[in-house]
Amino acid sequence: MIVFVFLLGCSKKEWVHTLQGSSEHWEASMDIKPVDDPDVEAVFVGKIKLKTPVTLKSAQYEAQVRNGSPGGDLRHDLEKLQNFETVQIFSTYAHSATKPTFHQNMPEKELASMFSDLTFQMTWEDENGQHVEEILLDTIIMGK
């Protein structure tokens, strides 16, 4: 009986679904993770990584996510980006009013249809001037 209660107490949602994409200079991803909150269905975590060696003077992003368009300035992360580190750029919640429901066993086709137009736009300035690239996150890795 004690073992059963212990197992129930430790059984947490551990899956993560990931959408990925890349452009000439950037790699992008968005994780969809479960949340233990009845009003929040999942958390969306956006990440970006520089692929090519450049000297960044500035960098900004905008993401087109289902429940908004997070965006921001990456001036505090320029050194990390230039060292090819992955930087978290946003974390936003999908509330339970947002349908369909995210879950571990949802069909990949359903997830793909929900995020068929998920894009991150990167704008940056380097030694060669100002640049803009759009990244379509169209590769899906389903969590188990």
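The values are calculated or read from the model by the stated rules, or taken from the named source; none is laboratory data. Quick caveat, the model's predicted, so the values are computed rather than measured. So basically every Cβ, Gly included, is an ideal-geometry build from the backbone, and we count neighbours across all protein chains shown.
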Exercise. Give me a count of the residues in the stretch 14-66 that are aliphatic (A, V, I, L, M), outside any strand (DSSP E or B) and under 13 Å from residue 122 (Cα atoms).
Key: 1
Quiz prompt | Conditions (1) more than 21 Å from residue 17 (Cα to Cα); (2) part of a loop (DSSP other than H, G, I, E, B): number failed by residue 78 | solution = (2)
Self-check item: Looking only at the stretch 1-38, and only at residues there that are out of contact with any strand residue (DSSP E or B) (no Cβ under 6 Å at 6 or more places or on another chain) and polar (S, T, N, Q), the one that is modelled with the lowest pLDDT
Solution: 11
Exercise. Pull up the stretch 130-144, narrow it to residues that are of a type in the set (A, V, I, L, M) and outside any loop (DSSP other than H, G, I, E, B), then point me to the one that is nearest to residue 49 (Cα to Cα).
Key: 135
Practice problem: Collect the residues in the stretch 39-51 that are modelled with pLDDT under 95 and surrounded by fewer than 19 Cβ atoms within 10 Å (Cβ to Cβ), keeping them in residue-number order. | Solution: 39, 40, 43, 45
Exercise. Name the one entry in 143, 71 that is within 15 Å of the chain's Cα centre (by Cα) and farther than 16 Å from residue 19 by Cβ.
Key: 71
Self-check item: Test: residue in the stretch 113-121 that is hydroxyl-bearing (Ser, Thr, Tyr), surrounded by fewer than 13 Cβ atoms within 10 Å (Cβ to Cβ) and in a strand (DSSP E or B)
Solution: no
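With respect to residue 62, determine if the residue is under 14 Å from residue 137 (Cβ atoms) and in contact (Cβ under 8 Å) with a residue 40 or more places away in the chain.
Taking the combined requirement at face value, the residue satisfies it.
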